[in-house]
Each structure stands twice: as C-alpha cells, then as structure tokens.
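One structure below.
The values are calculated or read from the model by the stated rules, or taken from the named source; none is laboratory data. Note that the coordinates shown come from a computational prediction; the quantities given were computed from them, not determined experimentally. Glycine gets a Cβ as well: all are built from the backbone with ideal geometry, and neighbour counts include every protein chain shown. In case anyone asks, the SASA skips ligands and DNA or RNA and just uses the protein heavy atoms, side chains included. Shrake-Rupley method; radii C 1.70, N 1.55, O 1.52, S 1.80 Å.
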Amino acid sequence: MMDRAIVSSALEAVRETSPLVSCITNSVVTNFTANVLLAIGAAPAMVDIVGEAGPFASIASGLLINLGTPTPEQREAAREAASAAVAADVPWVLDPVAVGALVHRTDLARELVTMGPTVVRGNASEIIALAGEGAGGRGVDASDEVESAFEAAQLIARNYGSVVAISGATDAIVSADQIIRVGGGAEMLTRVTGGGCALGAFLAAFVGAAKTRAVTPLEAVAAGHAVYSAAGEIAQEKASGPGTFQMHFLDSLYLVSTDDLDRIPLS
Amino acid sequence: MMDRAIVSSALEAVRETSPLVSCITNSVVTNFTANVLLAIGAAPAMVDIVGEAGPFASIASGLLINLGTPTPEQREAAREAASAAVAADVPWVLDPVAVGALVHRTDLARELVTMGPTVVRGNASEIIALAGEGAGGRGVDASDEVESAFEAAQLIARNYGSVVAISGATDAIVSADQIIRVGGGAEMLTRVTGGGCALGAFLAAFVGAAKTRAVTPLEAVAAGHAVYSAAGEIAQEKASGPGTFQMHFLDSLYLVSTDDLDRIPLS
Amino acid sequence: MMDRAIVSSALEAVRETSPLVSCITNSVVTNFTANVLLAIGAAPAMVDIVGEAGPFASIASGLLINLGTPTPEQREAAREAASAAVAADVPWVLDPVAVGALVHRTDLARELVTMGPTVVRGNASEIIALAGEGAGGRGVDASDEVESAFEAAQLIARNYGSVVAISGATDAIVSADQIIRVGGGAEMLTRVTGGGCALGAFLAAFVGAAKTRAVTPLEAVAAGHAVYSAAGEIAQEKASGPGTFQMHFLDSLYLVSTDDLDRIPLS
C-alpha cells in the first residue's frame, strides 16, 4: 500500500526543482512530450545528435530513450546518452516502443536494457517482447493484458534493477519484489498520439526530481502514473473529443492539485 | 453519381476494423496525422527506418508515403515500403508534396508512381508536375485550379492504375474512366499545417478498410474526402481561428455521423 | 522611439504578401512553427534536405535556420541554405538554440554567423555564448538577463551587420547603433514548447515582407516582436493553462488588429 503523501511529495519535487529532462524520442511525439513536461513544471530538451546526446544527458536531471522512430543517428545517440547517464548516475527511462517484430528497435532495446535503465515503460506486449517471451504487439497497441506481463516485468526488474511500468486499464509498477497498481486515467488518452510516449518523459522528470527527496524510483514512478491519470480524468470530464481532450489534458497537468490525486486508486 | 450509402459504409468500415496505417511522412505533420487517424478510429504507426519500413508496411492495412521532408533515410525507407506494399497487396497512397522544382522528391515521386500506388493525392500543381506537364507550385500551395489537372490525373490513372485525388475548392477524384467531385470543406483547413498531408493518411485508412467491404478504391477515396470535408465544415462553424479550428476538427472527426455527410455535395 | 505606424505597416505587409518562409528547424517545433506562420498569413515550408535546401531558400521570401536538433543532414542543409540566401539576397534568421556547451550546434552557429544573417534571435545566454563571451544556458532556458547580453549583441551587430533580437521579460532589438525595447507578452509562452523557436520563423516572415515596404530589418524585427507579444497577451487573458493558451495564441495571431498593438510598450 503506497502512502499518498509520497505522491504529493513527488509532485511537489517536480514543480519545485524543475528537472531538466533530456529526451531522445520519436518524431511523432516530440512536441506533445515537451508540452507535457512544461505543463507539469519540468524543463524539456531534445538532444539526440551523436556527440551532443552524451554530454547533455550527463548534466540532465533525467533522460528518456524512446525507440518509436529510431533513425541510425538516434540509435547511436541513444547508446551514447545511456552510457553517459549510467556514468553520471542520472536516472533514465527506456520506452521500447513496438519492440518484438521490428529489427532495429528490438536489437537496440535488448542492448540498452542490459545497461540497467532506472525505469522501463511500455504496454504489456512491449514488456513481454523486451523480456524475450513474446512477439510484441502491432505498432503501439496494447494487445496483451497488464497481468500477462508481470512475469516478464519481474524478470527485467531482477536482472537489471529496473522499475518496470506496465500501462493498461490499471497500470502496474513492478520492482523485483513489489507491485503497485495505479487505477483511474482516461480512455480518451488512447485517442491522442503520444499519451504513452509522453508518460515516459514524465516519469523521467519524476524520478529525476525524486533524488532531491526521500522518494524511491518505484514510488516516483507510481506517483508519476497517479498524477498523469488524475490529469487525464479531469480532462476527460471536460472534453467532447480528442481535440478538446488534448488541450484540457495540458491544462490539467498544469493545474492538478494534491487533492485531485485522491481520486486515483492506488494499492 | 456516387451512392451516399457507400460513403457511410466506408466510414463504418474504418471505425469497425481500425485499420493499421503505416506512415512515412514529413516531420511537420507527424503528430497531426497520427491524431487525425486516431480521431477517426484508425491506428497510426510511423515506421520510416530502413529495415523496418518494409516488414511493417507488409502487415499494415494501408501505407502512406508523403514526400514533404524526404531525408536520405526516408527516401530509402519509402522505396522499401512501397515494394513491400505492392508485394503484399497492401493499398498505398503517394503524396508528392511540392514536386516539380525540388530534385530529390521529384525524382523519387516519379520513381514511386511507376510502382502503381493505389492512390495519388495532391493539389493540382503537384499532380501536373508529377505527370511531367508542369513545373510544380511554390511549396505546398495550390496555384493551379483543380480542373487544370484533370488531364495529368487521367494520364497517371491510365498508366499506373491509380486513383488520383486532386484537392481544391471542390476536390476531384479521378480514375481512368470516372471523375467524382466532392464539395464542401473548410477554408480554415488551409490555415492549419498538415491538412492535406493528414488527408493522405486518412485516405490510406479508408482504402485499407474498404477491402473488408464491397467498396472500390475510387469510392473509398471519395468517401474519405467527404468525411474529411464534413468534419471540416462542422469545425469551421465552431472555430474563431486556426487554433480553435484544429481542436474542433479532431473532435468532429471523432463525432462525425452519417447524417453529417449529407451536407457534402457529391457528384 | 519607434513609430507605431511602422508596426502596423509591417503587419499589413505580411498579411498582404503572404511571404514564403523556408524553415530549417528542430524536430520539436516544426508543427507549431508552421501553424504560427499560417496564422499570421505567411506560407511555411520546411525544406531541410541537402540538394533542396539551397534552391528553395533562394526563391523564398525569408529563411529560418534554427539549430535545436541539428542532425548531420540538417547541418549540411543549413550551410547550403545560408549560402543560397546570401547569394540571392533573401533575408535570413539564425536561431542558435542552446549554443555554448554543445559542440555541433556551437561550431555551426559560429560558422553561420560569419555569413551575416539578417537577424540573430535568441535568449541572453545564447547571444552571449554565440559572441564567445559566455558558456551558454542549460538547454533553452534564459538564465541571463536581457541587459547582460547587450554588449555581445552589439558585437555581433557590428561584426556581421545583423539585427540581434534578445528575448526576455522585455525584449531588446539591437543593431550596431540602436536598441529598441519591446515589452508586454505572455508568461504562459514559456509553458508552451517552441514559443521562441516559432518567433524566429515569424521574424523571417516580417523581414521578408518588409522588403516590399519602407521598413528596415530593425523595424521589422521590432514589429514582429510587438505583434507576437500582443497576441500572447490576448491569449493569456483567455487561457486557463498551457493547452488553452496554445489554442488561443494561434487564434490571436490570426485575429490580432493594429489596435491591439497599442497595448505593447515600445521604446
């Protein structure tokens, strides 16, 4: 059972420290990702060039590596950034988008995961595929249930020390010996591109800021999911479709209060 | 004269089958394109990496190749994806953005068109330039009238078996022996970037989903234009500028009903 | 003291001539940048491919080179485009995003500035770093005060003939022998990604359109800042967060009148 005071503390840490999050992410979601980070009070930067990605990652508060559209330049930059983050003890998030069937991202994800990302985030299909037990989903869909990925998630957590966040109807945050479930959220998030991808950057902000508090990566990831879900719920109540939802979601991230967090089931 | 029941059937097919659309498109419109596809009920994926673009195109329901910002990697990936789509009988849309004066895209567009895209979509200038009869427009403007491109469109349709969709005040959908005109639409769409580019992906969704029904590619393309125009009209009535328009347009695609389609002139 | 009639004239020039602005910019802000240009009445095009960037820049009304995510292909294309713009007397804007610590963009920015950009635009940290007197900011933040960059700006203005626009609480537009201050604006712009980057493209439109009037580049840049600030203020009054702000900002650019410009302090 997770203490709700920790969720509030993690959110305050982001807003007070404005963590600088370096993002290597896919070309579809760069803009939305940066806006999500700005809305919650973090400082986004996209540095995905070979020769710059490493130095920048080492001075950031957190790093996201998302493999949605991994060009050769980005693949090389991702390796450079991950190494730099590990060396500088900067928390980093790996989002293995659509791994399984597609060759470059699958090879790279399996290489990067051995470097011990602080967080691995994906849907059940992706987590299963990354662990090597399944064939992945079709694109970015979640065609597996969250529960079906628990074994794969724990395998990754034990082998590489990562917190594994599985997105689904109820999200599950998995460490080697614990599982936290975060409910709530908005179905409409699945009608806006980048909902999951931006969450990866969001988690990098929370884990980065948590270093300034007595909040563990597991708790920070659960807190990030809870805040994201709360903002999603508020936005969905106001939205009449995916256009208005996206707008209200950014406003809700900006305005979300610790009271709003009480609506999110957390166990 | 096109039967309106076919438009409704084509729309239902998209919503019921949620076609997976692989997009190789320009860096300006990736996000909007994905959101347009999600709003109508399709599943977008942007796979534009050499070595991944082909395998993914072959399992998709439809493919878009848009030449707006064709990096060397994308040019190679486009060839790979087009070949795979042809081999796997996956419908594909070619959008020859700004062909004519600019060398790489013009060469590539003329190469790809010979592979027989299911649909070629562009403004009159682009269709004329692709057919080799003109010098293209300035960027993505439509400086020629739709009618002026009929001859070029029919040439492409006859030589390569493509349906050619010409965007303008009244859109024209041209096959070797037929022309369907689709009216309506929103002038405000020209104040939002990616209106035409996202339409290309939208058409890939409609043509892909149409394979599950007794709807021809010509009909599916006309239906896609009609739905897009109807959503544009509804959004324009609610908008006070391009910012509110973009938001309402995505909502309208999500909400558009077969009744709304009656407002669109179709002949 | 700048004449407000010149601001109105510069805005009218953009709306009446619809300047074609070629943008080589970062992957985070392409979409927003294009939408900002469309909202004010300019015509955006992103041509950042080697072999196309030069020819296109030479026929454009204005060119933006923004170094936010400078891939090798973009770096080469930027050199090609700058040379073509200089040769064809096309006004161009250099935005040296995050120069200072990061190697590729810093080297390239220092090379490009010697080619004499019509406008250099950045925050104080970036202007100082470009002039070689400081170490740059952390990412895209403005950690220096505008005034602290006056000396660096005047150095650039004198050496290369550029107008230097420094963004901050009060913007300063600096030439070799003049400083214009533009106040107003919206704090919320710092919560939306690409506010500064899109301003660079916006200035390219203003300077390009100014060639058709008796408006100098210095005046056009000040006018562009004033229009941008006015639209920002109007949007902020209507917004409840960064999502609604972004939408209202695009609407405001579309709707902004010369009367609205009176609210912006200009000296």
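When chain B is modelled as a GNM with alpha-carbon springs shorter than 10 Å, which of B:THR106, B:THR30, B:THR190 fluctuates the most?
B:THR190
Using only protein heavy atoms and a 1.4 angstrom probe, determine the accessible area buried between B and C, summed over both sides, in Å² to the nearest 100.
Details: alone 10460 and 10410 Å², together 18670 Å².
What B and C bury together is about 2200 Å².
Using each residue's phi in the range A:204-213, evaluate 6.51 cos²θ - 1.76 cosθ + 1.60 at θ = phi - 60° and report the 3J(HN,Hα) Karplus result to the nearest Hz, with x for Gly and Pro.
4, 5, 5, 5, x, 5, 5, 4, 8, 10
Please compute, for peptide B:251-257, the average count of beta-carbon atoms on other protein chains lying within 10 Å of each residue's beta-carbon. Present the calculation step by step, with values, prior to reporting the outcome.
Values: counts 8, 3, 3, 9, 3, 1, 0.
Mean shielding by partner chains, rounded to a whole number: 4.
With unit charges on the beta carbon (Lys/Arg positive, Asp/Glu negative), name the residue among C:THR30, C:PRO96, C:PHE206 whose Cα is farthest towards the positive pole of the charge dipole of chain C.
C:THR30
Heavy-atom accessible area per residue, the range C:36-164, 1.4 Å probe: how many Å²? Numbers along the way, then the final one.
Values: 3990 Å² over 129 residues.
Accessible area per residue, the range C:36-164: 31 Å².
What nm distances, shortest first, do you get from the label point of A:GLY168 to those in the other copies when the point sits 7 angstrom along Cα to Cβ?
5.3, 5.3
Distances from C:GLU16 to the same position in the other copies: list them in nm, one decimal, shortest first, using label points 7 Å from Cα along Cα→Cβ.
Values, ascending and in nm: 5.7, 5.7.
Calculate the FRET efficiency for B:ASP177 and B:ASP3 from the Cβ-Cβ distance with a Förster distance of 22 Å, rounded to the nearest 0.05. Before the final figure, lay out the partial values.
On the way: r = 18 Å, r/R0 = 0.80.
Using R0 = 22 Å, I get an efficiency of 0.80.
Determine, from the Cβ-Cβ distance of C:ASN159 and B:ARG213 and an R0 of 56 Å, the FRET efficiency 1/(1 + (r/R0)^6), rounded to the nearest 0.05. Numbers along the way, then the final one.
Numbers: r = 66 Å, r/R0 = 1.19.
Once the sixth-power term is evaluated, E becomes 0.25.
For the pair B:GLU16/C:ASP259, report the inter-label distance in nm, with labels modelled 7 Å from Cα in the Cβ direction.
It is 5.4 nm.
Scan around A:LEU266 for amide H atoms under 5 Å from its own, H built in the peptide plane at 1.01 Å from N, and keep only partners 5 or more places away or cross-chain.
Distant-sequence amide H within range of A:LEU266: A:GLY183.
Averaged over A:41-53, how many beta carbons belonging to a partner chain fall within 10 Å of each residue's beta carbon?
Values: counts 1, 0, 5, 4, 10, 9, 6, 3, 10, 3, 5, 9, 1.
Mean partner-chain Cβ count within 10 Å for A:41-53: 5.
Residues of A:108-115, mean number of Cβ from any other protein chain within 10 Å of their own Cβ, rounded to a whole number? Don't skip to the end; give the middle numbers.
Working: counts 0, 0, 0, 0, 0, 0, 0, 0.
If you average over the peptide's residues, the count of other-chain Cβ atoms is 0.
With +1 on each Lys and Arg Cβ and -1 on each Asp and Glu Cβ, how big is the dipole of the range A:4-263 about its Cα centre, in debye rounded to the nearest 20?
With only Lys, Arg, Asp and Glu charged at Cβ, the dipole is about 200 debye.
Sorted by average packing, counted as other Cβ atoms within 10 angstrom per residue and highest first, what order do B:223-229, B:125-131, C:237-243 take?
Working: B:223-229: 29.3, B:125-131: 27.1, C:237-243: 18.9.
Ranking, from highest mean packing down: B:223-229, B:125-131, C:237-243.
Let me have the relative contact order for chain C, percent, based on Cα pairs under 8 Å that are six or more residues apart. All intermediate terms of the calculation are to be shown ahead of the outcome.
Values: 601 pairs, mean separation 57.4, N = 267.
That works out to 21 percent.
Which residues of the range A:72-105 bury at least 10 Å² of accessible area once all protein chains are present, versus their chain alone (1.4 Å probe)?
Buried on complex formation: A:PRO72, A:GLU73, A:LEU102, A:VAL103, A:HIS104, A:ARG105.
List the residues, sorted by chain then number, that are 5 or more residues from B:LEU64 or on another chain and whose placed amide H is less than 5 Å from its amide H.
B:SER22, B:CYS23, B:ILE24, B:VAL93
Go through the range A:242-251 residue by residue and turn each phi into a ³J(HN,Hα) via Karplus (6.51, -1.76, 1.60, θ = phi - 60°); whole Hz please, and just put x for glycine and proline.
Calculated HN-Hα couplings, in order: x, x, 5, 4, 4, 5, 5, 5, 5, 4 Hz.
If you count the DSSP beta bridges with both ends in chain A, what percent of them are antiparallel, to the nearest 5?
Percent antiparallel among DSSP bridges in chain A is about 30.
Sort shortest first the distances from C:THR114 to its counterpart in every other copy, using label points 7 Å along the Cα-to-beta-carbon line, and give them in nm.
4.5, 4.5
Mind listing the phi-derived Karplus ³J(HN,Hα) values for the range B:114-123, rounded to whole Hz, using 6.51, -1.76 and 1.60 with θ = phi - 60°, and x for any glycine or proline?
Using θ = phi - 60°, the values come out as 5, 7, x, x, 4, 9, 10, 10, x, 8 Hz.
Quantify, in whole percent, the carbon and sulfur part of the accessible surface of the protein assembly as shown (1.4 Å probe; protein heavy atoms only).
Values: 12310 of 24760 Å².
Roughly 50 percent of what the probe reaches on the protein assembly as shown is carbon or sulfur.
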